[in-house]
Amino acid sequence: MFINTKNLHATVILLFTALTLAACTPTTANRGHIIEQEDLADIVAGRDTQRSVVKKIGSPSTISTLDANIWYYIGLTTEKRGILDPKQTDKKVVRIEFDSEGKVSQVAEITQDSIDVPISKEKTRTGGNKVTLAQQFFGNLGKFNTPVNE
């Protein structure tokens, strides 16, 4: 039986090229609330309440710590190619404010750039003494109250 090595090499190269290109296909991931513009337009100030907003677009990503009447919906889309780190392709932050009666007073999309805070791997130094296991063990001897006979 004779195998045509020329065709075999071409097939292997073609298969290798196809697999390499498929590995570079981007993978898209959505995180948080990706609110469509139509859903956002459906929320009307003065008419909708907190309950109706939750029914229409879901629970908020976060509620302001300083004012419980301000809700934030945060959505992020990332794209990852092969072994490379994911890159942010889209971000949408929507702020919904409610009045004292719980009705929507303002709906705004926050478009200003956010600050990327880098994570530090440094450790915070704390005060106190470095005590060994033996110092802890022997330092506790005699510190406990003895029972008093009455």
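Take the chain, connect every pair of alpha-carbon atoms lying under 10 Å apart with a spring to form a Gaussian network, then pick out the residue of SER105, SER64, SER120 with the largest mean-square fluctuation. Looking only at SER105, SER64, SER120, the largest GNM fluctuation is found for SER120.
Residues within the reach of a label modelled at SER114 (point 7 angstrom out along Cα to beta-carbon, backbone nitrogen below 17 Å), restricted to segment 74-104, are 74-79, 86-96.
Stretching LYS6 away from THR126 to a fully extended chain increases their span by 36.2 nm, per 0.36 nm per residue minus the current alpha-carbon distance. Among the GluC sites (Glu not before Pro) in segment 1-91, those located in a DSSP loop and surrounded by at most 14 other Cβ atoms within 10 Å of their own Cβ are GLU36. For q values of 0.14, 0.16, 0.20 Å⁻¹, compute log₁₀ I(q)/I(0) with the Debye formula on a Cα-only model of the chain, without solvent. Rounded to two decimals, the profile gives -0.86, -1.00, -1.23.
Highest mobility in the GNM of the chain, judged by mean-square fluctuation with C-alpha springs under 10 Å and restricted to LYS103, LYS55, LYS123, is found for LYS123.
Shape index of segment 59-140: Rg/Rh, with Rg the Cα radius of gyration and Rh the Kirkwood radius from the inverse mean 1/r over Cα pairs, equals 1.29.
The GNM of the chain, with springs linking C-alpha atoms under 10 angstrom apart, assigns the highest mean-square fluctuation among VAL44, VAL131, VAL107 to VAL131.
The sum of -39500 (n - 2.57) across all DSSP H runs of n ≥ 4, divided by the residue count of the chain, sets its helix-only mean residue ellipticity at 222 nm to -7500 deg cm²/dmol. For segment 8-73, the relative contact order comes to 23 percent (Cα pairs under 8 Å, sequence separation of at least 6). Taking the Cα centre of the chain as reference, the dipole from Cβ charges on Lys and Arg (+1) and Asp and Glu (-1) amounts to some 820 debye.
The numbers here are math on the coordinates, done by the rules we state, and not lab data. It should be emphasised that the depicted structure is a prediction, and the values quoted were computed from it without experimental measurement. FYI the Cβ positions are ideal-geometry reconstructions off the backbone, even for glycines, and counts take in every protein chain you see.
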